[in-house]
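Here is the structure we will look at, set down as structure tokens.
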Amino acid sequence: MIQVLRLIEVAVDRVVGHSLTRRVGAFGLLMGVVPALVVSIFTGLIIFSLMVDRVNANLSEAGGLAQQQVLFRLSNGEQTLSDIADSTIVRNGLLDTEGRSGYLDPFLHSYVARYPAVELAALTDFQGEPLTLVANTSLPWDPALWATARTAVDRGEAIWKMLEGDTPIAVVAYPVLYPPTSSFEGALVVLIDLRKTVGAALERMPTGLTVEVFDLRGELKLRHGALESQLRASMRFPLVLPHLDGFPGLELVVSMSAWEAYKPLAIFFSLFIALGLISIMVARSISQRLSAQLLGPLRKLDDAVSNVGLDGRVRGGDVPVFGHDEIARLATGFNRMMAAIRSAQEELESKVVERTRRLHTAQSRLNGVLESIRDIIYSVSLDHSRTLYMSPAHREIAELRDVPAERRYTVLCTLVHPDEAGRIEAFRREVQTSGFGEIRYRLRKLDGSALWVQERAYLVFDETGKPSHIDGILTDVTAGVSAELAREAAERSLRIRDRALASCDEGVLIAEVTDDRVERLVYANDAFLSLSGRCREELIDKDWRTIEVDERDAQSLRELRRIIRNRSHGRQRMRLKRKDATSLWVEISVAPVQGTGNGSASHMIGIITNVSELVHGEQRYRKVVDAVREVIYQVDNEGRWTFLNPAWTAITGHKVEETLGASFFDFVHPDDHPFNVECFSELIAGKRDHVRHEVRYLTRNGETRWMQVFGQPVTDDDGDLIGFSGTLADITESRDAAEILRLRDRALQASSNGIVIVDRSQRGNPVIFVNSAFERITGYTAAEITGRNCKLLQGRDTNQSEVEVLREALRQEKPCTVTLRNYRKSGEMFWNELTVSPVRDADTGAVTHYVGVQNDVTARREADLRLLDLFMRLDMVFTLSPDGFVSFDGDDRVAFVNPAFERMSGFSSGEMAGLTRDAPIAGLPSRTDRTANR
Amino acid sequence: MNPRAVVSDTRRRLIGGAVAAGALVAAGGWRGALAAEPLVVGIDAEFGDPTSTSAIAIRRGVKEAAREINDKGGLLGGRPLVVMALDNRSLPARGLANLRQFAATPNLLAYLCGKFSPVTLEQIPLVHDEKIILLNPWSAADSIADNGRTPNFAFRVGLRDSWAMGALLDSARDRGLQRVGLILPTSAWGRSCKTAVDNHLAANHGPAITMTEWHHWGDATGLAARYAAILASGAEAVILVANEPEGAALVKTIAALPQADRLPVLSHWGVAGGPFAKLCGTALHDIDFSLVQTFSFARQTHAEAVAMIPRACELFGVGDPTHIDSVGGFAHAYDLVQLLARAVERAGTTDRNQIREALLQPIEYRGLTHHYAPAFAAGRQEALSPDQLFMARFHPDGRLLPLET
């Protein structure tokens, strides 16, 4: 129990916090509420159960009544049916087909009429086929009807069946016993509308109740009364006819709307709750008022106490005192205490005010002084971590206003240039040890600019002689330092310049020029001294015109003087006369030096460059160019001649001066213009880096010369094209010569004989040229045979007699003709009638080459052989023939007689040979007689 | 909204059977292959009726005839005759269902109905729709054979209500009973008998009908009231049209009454449809009870009948053929089947139309019941005639003997 109370306490504390008022109020509430709640819950439960019982009782009563009534009616109905089924009328009707309509039908009619609930009555045979039927409804004939009848007959028991769906129609079939056979030979089938049976009973139900009949499957069969909502209180009553096995299970459900049922309860409860809430609120307000009364003075006390602590001042009036209870006494004592404190406070305050005022005055005076000082005066702790004071001058260096005062020195230290860190350390150590230190170092301001400061720091000792803090002054010395550094830098650069000038290869002279035509040399570098061969003393302070120049260059010197007098820029080339009277080509370029202040030149500076090499080089070049037989040219990028050497005149006859400036196209043969243009445009377009072609140029006297043109683009330093330069070579003769050569070459190629040229001067006597006929004959291409010896054609067949003949001729350096067996590339043999001729050098007479002419005489040889063969055959024929043959040659002389003729004539061939046609014939008879007679 | 419009699968079976049967009939050339295919004779009778012996007698008659035919080598080239008996439990509905089954049976030649005219009458339309030959050994309603159909497929060997009622009325007249009361069942049979009575009395002299009482078929209890009413109406006799349960009930009722109140009862042959004597017990001997019959071994004494006696006694398990219950049914059924066999042989086919035609041809046959010469003819589908009816009485030993003795 105590645990519970404690828990409650804790919970309440959490809710109400630390206010006693609220705590008291809460407890009061709790004490009032809890029992009330308990009581009310119990009461509520009791009442609820009573209500429920009441509702159930109502339902039960109504439902029971309904159930009874329904069952009564059903039972009645069932009994009637049963009786009817047993009646003789019905039994008789089973077999009396004709007569049954007479008595059974009226009987059924009267039955149906008497019971409005019966929709249909029929008598069926043993198969369920209706024999007679009376109906007062328009229900459709459901095959279920007759099936039920059949089932009743088969089972021999009454069947009650509710039709499917939510129709409250029951099918009832009673089997009809046929006494003679004691078997069920038919059934009495009846359709009962439960609504009508039962409905009447339900009519008498009290309003507000809904009665529903469900079958065992839960299908609603019948409903009386409407039920709006799903929420209801209901009770179930089974409908059972116990003596009837076939009676379908039905259920009567009586319901009433839950709202209706429990309305009183709801009302009661709401009332109850309302009352409860009201009482709670009343209790709450009473307890609160009580606690307020109780605790009002305490609260005032509390306020006063909290006020005291606010800013050390006591304020507020006295606490009101009510009555004489403990709280009143406490309040009175508190008041007295407060009064005493107040007076003490006032005294103190006035003292403090006075002192503060004096302090402020002193401080403001000090601040005024410090602000005027531009140096930063500071005071820091011994470890430099805490700034004890810093004068306002720090603004110059860095904006430290936003930095807390204590940290200002440290922040300033961060501005120190990183390179100085080490020196700073040393400086600080010195201060610590010796009591004084001085350092100059760089700061880097926030904007990146550098600042030179000089810091002086002193160690300050307190009364006891211990070091207490460090005082110091920071002075901005940037200006002075910068000036110093600048001066040093200037001096250094001057010295460097001086050395540069001195070490320069080119001569440098500086002359001081004033307005009154004083042009006095003030500086000459070593290079000039060596160039001129003079020494410094001879030049310095002397007028520059003492420098001697070669007489040939007087013009240039005059020009130079003019330039100098005008204090302008210029460049001249002249021969300098050295001290040893030799001349040296130099190029002098002069420029004015602006003086400070008025803008006119104070000095002239001259650079003297040794250009003797250059000049000589130019001269040599000139000689070569002029001497060369080829034309050396330059054209600008529009094709105008800008330079031509004398060879131009030699070749074309045009004068150089006349040609320069003219377009070079004017000199090219018109027919070659397009070609020329094409070549040059490719060059211009950058597709080629040079041109080399041959065109015809026109000479002064109208002739055409063939020129080989070579050209390259000329670009300036930026790579821009400024023109072309190149050579023109007169190749007319060589072209003619080449033409003749080509002609001969074609002739060679055209020859149907194979022509081979062998170079004797090379080892192995290689072939250097073969014509196409050779290729055709031998089957070897020029590439295959070139460089190789002709022996290749002999193949392996090198042991020919003709080869020996050839070799001999070659040795004797004589021409010869042989017929060799050569082999084509395919291996085919061909007869080669080869004629070899030596070629001698025109000058030396030595044999340099051999020319071989091939003739494929294979066919001819074969023809010869065939002919020979034929002749041999003919010869054979003549020789062997029994007939005599005489052949005559072209002169009609006997050329040949065969043996047969010899035998016949008796003449031998030797005798006959050479004889004319007539002679032997004339002589024939005698001879033949002779022989015949033998 | 005719409930009969509800299609049942029996109808489907019917159609199927008809198609099958038609196909088989059309393929008549298959006769060779069907050489051994049996021919079927159906019986649709009240086997399920507990007190009925008529169905049994009819079946025995059919089977005996079939046995003899099969022994002689069958029909149509050696085809055996088989019997298909179905129970209609005396209910028309069942009768129709059975008839549909017959229609679906291939090679069915004809069928015999039972004793209940209402059932048979219900079957007449379907008989003609399916063209099944109806051989009626018992059902007495006139309109079974006089059904007005052409072609008429119903043939009867037996009596008609008109003949029976005429015979009863004549018997009453001949016995000098002037006033009679009628007890008729509330069924087609009852109505048919009523019509017959009215027609007969209109055409002939006869006793006066004092009271016509209708009793519910199957309801044995109301008969006492019926009888009492008749008795009260001053009738001298009762003409009873009922089956054996009702008849037995009436007999017992009458026997329980004082002698003075016991009127003689002239009954239609319905009571012979069961073991009437047993059902009545001794009460039967206490009253004057006579019934109309068409056959008795004691009366039909020609050779063929006499020759049947031992066989019949054996079949029925009795010593004396006059002890046989429902003997008329036996004899009629036997004769009908024999006539059928002759017609089938004459037709030479299983086509029922042709068999029907053949039945109407002059067939001479010395049967149990009668010497048929011919049995049927065009327009006359009754094989017997009114002069073949006679009254019979149950003797105390249980024998049913003709009255004239």
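The values are calculated or read from the model by the stated rules, or taken from the named source; none is laboratory data. This one's a predicted model, so the numbers in the text were calculated from it and none came from an experiment. For neighbour counting, all protein chains shown are included, and Cβ atoms are generated from backbone atoms with ideal geometry for every residue, glycine included.
Condition test on B:Ala272, is it assigned to a helix (DSSP H, G or I), buried (at least 20 other Cβ atoms within 10 Å of the Cβ), assigned by TED's automatic domain parsing to the domain that holds B:Gly206 and in contact with a Phe, Trp or Tyr (Cβ under 7 Å, 6 or more places away or on another chain)? Answer is no for this residue. Just to be sure before I move on: is B:Thr221 out of contact with any strand residue (DSSP E or B) (no Cβ under 7 Å at 6 or more places or on another chain) and either surrounded by fewer than 24 Cβ atoms within 10 Å (Cβ to Cβ) or more than 13 Å from every other protein chain (Cβ to nearest Cβ) (or both) in the structure I sent? Spelling it out, B:Thr221 is indeed out of contact with any strand residue (DSSP E or B) (no Cβ under 7 Å at 6 or more places or on another chain) and either surrounded by fewer than 24 Cβ atoms within 10 Å (Cβ to Cβ) or more than 13 Å from every other protein chain (Cβ to nearest Cβ) (or both).
Screening A:Glu354, A:Glu399, A:Glu430, A:Glu349 for residues that are touching a Gly at 6+ places or on another chain (Cβ under 7 Å) and charged (D, E, K, R) leaves exactly one candidate, A:Glu430.
Residues in the range B:65-120 that are free of Cβ contacts under 8 Å to residues at least 40 places away in the same chain, surrounded by 19 or more Cβ atoms within 10 Å (Cβ to Cβ) and acidic (Asp, Glu): 0 in all. All of A:Arg91, A:Arg100 fail the test of being at pLDDT below 80, more than 30 Å from A:Leu202 (Cα to Cα) and within 14 Å of another protein chain (Cβ to nearest Cβ), apart from A:Arg100.
There is at least one residue in the range A:139-155 that is within 10 Å of chain B (Cβ to nearest Cβ) and either in contact (Cβ under 8 Å) with a residue 60 or more places away in the chain or closer than 25 Å to A:Ala200 by Cβ (or both).
One line per residue, one yes/no per condition, for (1) under 60 Å from the mean Cα position of the chain (by Cα); (2) among the hydrophobic types (A, V, I, L, M, F, W, C); (3) surrounded by 12 or more Cβ atoms within 10 Å (Cβ to Cβ):
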site	(1), (2), (3)
A:Ala511	no, yes, yes
A:Asp515	no, no, no
A:Glu559	no, no, yes
A:Met574	no, yes, yes
A:Glu587	no, no, yes
A:Gly595	no, no, yes
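Looking only at residues in the range A:75-103 that are hydrophobic (A, V, I, L, M, F, W, C) and surrounded by 22 or more Cβ atoms within 10 Å (Cβ to Cβ), the one that is farthest from A:Ala144 (Cα to Cα) is A:Leu95. The set of residues from the range A:484-519 being modelled with pLDDT of 85 or more and among the basic types (Lys, Arg) comprises A:Arg487, A:Arg492, A:Arg495, A:Arg497, A:Arg499. Only a single criterion out of (1) farther than 29 Å from B:Gly317 by Cα; (2) modelled with pLDDT of 90 or more is not satisfied by B:Gly78, namely (2). Considering only residues that are of a type outside the set (Gly, Ala, Ser) and either outside any strand (DSSP E or B) or modelled with pLDDT under 75 (or both), which ones fall in the range A:196-213? Those that are of a type outside the set (Gly, Ala, Ser) and either outside any strand (DSSP E or B) or modelled with pLDDT under 75 (or both): A:Lys196, A:Thr197, A:Val198, A:Leu202, A:Glu203, A:Arg204, A:Met205, A:Pro206, A:Thr207.
The set of residues in the range A:161-195 that are among the β-branched types (Val, Ile, Thr), within 13 Å of another protein chain (Cβ to nearest Cβ) and assigned to a strand (DSSP E or B) comprises A:Val176, A:Val189. Does A:Gly32 fit the bill of being more than 14 Å from chain B (Cβ to nearest Cβ), buried (at least 20 other Cβ atoms within 10 Å of the Cβ), modelled with pLDDT under 80 and assigned to a helix (DSSP H, G or I)? No: the conditions fail for A:Gly32. For the range B:184-214, which positions are outside any helix (DSSP H, G or I) and at the interface with another protein chain (Cβ under 10 Å from one of its Cβ atoms)? B:Pro185, B:Thr186, B:Ser187, B:Trp214 - these are the residues of the range B:184-214 that are outside any helix (DSSP H, G or I) and at the interface with another protein chain (Cβ under 10 Å from one of its Cβ atoms). Mind checking whether some residue in the range A:125-136 is under 19 Å from A:Thr197 (Cβ atoms), at the interface with chain B (Cβ under 10 Å from one of its Cβ atoms) and at pLDDT 85 or above? No, the range A:125-136 contains no residue that is under 19 Å from A:Thr197 (Cβ atoms), at the interface with chain B (Cβ under 10 Å from one of its Cβ atoms) and at pLDDT 85 or above.
Quick check on A:Thr798: is it among the β-branched types (Val, Ile, Thr) and farther than 24 Å from A:Gln749 by Cβ? Taking the combined requirement at face value, the residue satisfies it.
Of all residues in the range A:540-593, those satisfying the criterion of being assigned to a loop (DSSP other than H, G, I, E, B) and over 15 Å from A:Glu512 (Cα atoms) are A:Ile547, A:Glu548, A:Asp550, A:His569, A:Arg578, A:Lys579, A:Asp580, A:Ala581, A:Thr582. Look through the range B:301-329, keep the residues that are buried (at least 20 other Cβ atoms within 10 Å of the Cβ) and farther than 17 Å from B:Gly398 by Cβ, and return whichever of them is nearest to the chain's Cα centre (by Cα). Among those residues, the one meeting the criterion is B:Gly329.
Considering only residues in the range A:385-411 that are part of a helix (DSSP H, G or I) and modelled with pLDDT of 80 or more, the one that is surrounded by the most Cβ atoms within 10 Å (Cβ to Cβ) turns out to be A:Tyr409. B:Ile309 meets each of the listed conditions (1) in contact (Cβ under 8 Å) with a residue 40 or more places away in the chain; (2) assigned to a helix (DSSP H, G or I) apart from (1). For the range A:684-705, check the following and say yes or no: at least one residue is closer than 25 Å to A:Tyr621 by Cα and out of contact with any Pro (no Cβ under 9 Å at 6 or more places or on another chain). Within the range A:684-705, one or more residues are closer than 25 Å to A:Tyr621 by Cα and out of contact with any Pro (no Cβ under 9 Å at 6 or more places or on another chain).
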